[in-house]
Amino acid sequence: MVKRVGVVAATLGIVLLWALRPVCVPLSAHDLTQFNVPIEGRDDRDLYLRVFQHRDDGWYQCKTWLSRQFFF
């Protein structure tokens, strides 16, 4: 019984980690011009990560995989 509970808990933990992994999509120059508040001033968050992230090669919109499935 204890072994079964451990397997179920581990499986649920793995599924949760997989569903909450970050998925980042690059933003185009056209997308960046459409923001009412400049992207540099935005502090949007999705659970545990910043939605708009600047990396070496440009701006990205990052959300958890689960958020992308429900809210694009």
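Annotations
- Those residues of segment 15-72 which are assigned to a helix (DSSP H, G or I), of a type in the set (A, V, I, L, M), without any contact (Cβ under 8 Å) to a residue 40 or more places away in the chain and touching a strand residue (DSSP E or B) at 6+ places or on another chain (Cβ under 8 Å), in sequence order: 32, 39
- Unique residue being at positive phi and either over 11 Å from the mean Cα position of the chain (by Cα) or among the polar types (S, T, N, Q) (or both) when the list is 6, 58: 58
- Tally of residues being within 12 Å of residue 21 (Cα to Cα) and surrounded by 13 or more Cβ atoms within 10 Å (Cβ to Cβ) across segment 38-72: 8
Quick note: the coordinates plus some simple rules give every number you see, no bench work behind them. Fair warning: this is a prediction, and the values are worked out from it, not measured in the lab. Please note: Cβ atoms are built from the backbone with ideal geometry, for glycine as well, and neighbour counts cover all protein chains shown.
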